[in-house]
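Novice: I am attaching a structure below and will ask some questions about it afterwards.
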Amino acid sequence: MRSNPLVTEVLVGITRAGKALLDYLGLLVLQAVVLFLWWPKVGVAEMLESQHGPHTLAAVVMAVGVTMAYFSLRAGAEEVMLPGQHGLRDWALATPLGPGRVLRGYLLGQLIHSLYLLALSSPLLLMAFTVSGGEWIALAWCLAAVLIQAMFYRLCGAITHLTIGQHRGESYFAVRAILLLMYVPVGWLVPLTSPIAFTSRALGESTAAQSEFASVPGAWVFLAVYAGMSVLAAIVLHRLLARARRGMAGPNDGAAFGKAVAS
């Protein structure tokens, strides 16, 4: 079975330096600042006497979640692209690949890119985990939440690009409004959808609370909600790609590009 060219494009792109890497390095600096600010300022003895563990890990995980969500929205809206990466509209209009194959390659490629970004953040996460302690299973739940969020926001960014991407100003503000809307009013009104609340519950101060977190229905509800929204967003994106394909001016448009990337 031939590899999907969209996946190959991502694998090649993440090995090259470019604007996408520089943009995320800026977000890594922000994550490092959060680590510094929440690093325990007292000695171990004083911390134990206070009977309150440091919140360093929770703060860093929240920072990673927010920054990856923001980066994913921008990547989906094609404000940030890997070196040599082609736009989703180009794949739909200028190649013989069907919308289904384009979408599958896009989803897998974006998942690989998100894992790569998470790997870049892993040293900060491990440092925070070392000082905060806790359960590995709770941290794993939080990282799974970060990844599924990233996929949802990439899809939202892609939908925004395919609908209003030709209007740069509107697209720019729409991308940021989506993030603000999901994190503030929606997260406030529906706590089960809030990444901040999810991380706070998962990385509670006591290890007993962290050990029992997986059995809490809210943990599963959060992932199920974001998975469901991602599925709906993928369906919408597939329809947009199919509609764009039907609206092509002619079957030979972009033939050179199609032969170059789809072979």
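Novice: Among L97, L117, L125, which is in contact (Cβ under 8 Å) with a residue 40 or more places away in the chain and either touching a Ser or Thr at 6+ places or on another chain (Cβ under 6 Å) or farther than 30 Å from Q166 by Cβ (or both)?
Specialist: When all the criteria are applied, what remains is L125.
Novice: Continuing with the same structure: Can you name every residue in the range 73-117 that is of a type in the set (D, E, K, R) and within 24 Å of A174 (Cα to Cα)?
Specialist: Selection gives R74, E78, E79, R89, D90.
Novice: Moving to a separate point now. Could you tell me whether R176 is modelled with pLDDT under 90 and charged (D, E, K, R)?
Specialist: Judged against the criteria, R176 is not a match.
Novice: Looking at L108, L179, can you tell me which residue is within 13 Å of the chain's Cα centre (by Cα) and either surrounded by fewer than 18 Cβ atoms within 10 Å (Cβ to Cβ) or free of Cβ contacts under 8 Å to residues at least 40 places away in the same chain (or both)?
Specialist: Only one candidate passes the filter, namely L108.
Novice: Now a separate question. I need the full set of residues from the range 64-111 which are of a type in the set (V, I, T) and modelled with pLDDT of 95 or more, in order please.
Specialist: Correct list: V64, V66, T67.
Novice: Would you be able to tell me the number of residues in the range 1-60 that are surrounded by 14 or more Cβ atoms within 10 Å (Cβ to Cβ) and at pLDDT below 80?
Specialist: 3
Novice: Taking interchain pairs and intrachain pairs at least six residues apart, which have beta carbon atoms under 6 angstrom, with the first residue in the range 15-36 and outside any helix (DSSP H, G or I) and the second not hydroxyl-bearing (S, T, Y)?
Specialist: R16/P83; G18/P83
Novice: Failed condition for I164, given (1) within 30 Å of F36 (Cβ to Cβ); (2) free of Cβ contacts under 8 Å to residues at least 40 places away in the same chain; (3) surrounded by fewer than 22 Cβ atoms within 10 Å (Cβ to Cβ), with all others met?
Specialist: (1)
Novice: Further, regarding this structure: Can you tell me which residues in the range 134-173 are of a type in the set (D, E) and modelled with pLDDT under 90?
Specialist: Within the range 134-173, just E135 meets the criteria.
The values are calculated or read from the model by the stated rules, or taken from the named source; none is laboratory data. This structure is a prediction, so every number in the text was calculated from the model and none was measured. No Cβ is skipped: glycine too gets one built from the backbone with ideal geometry, and neighbour counts run over all protein chains shown.
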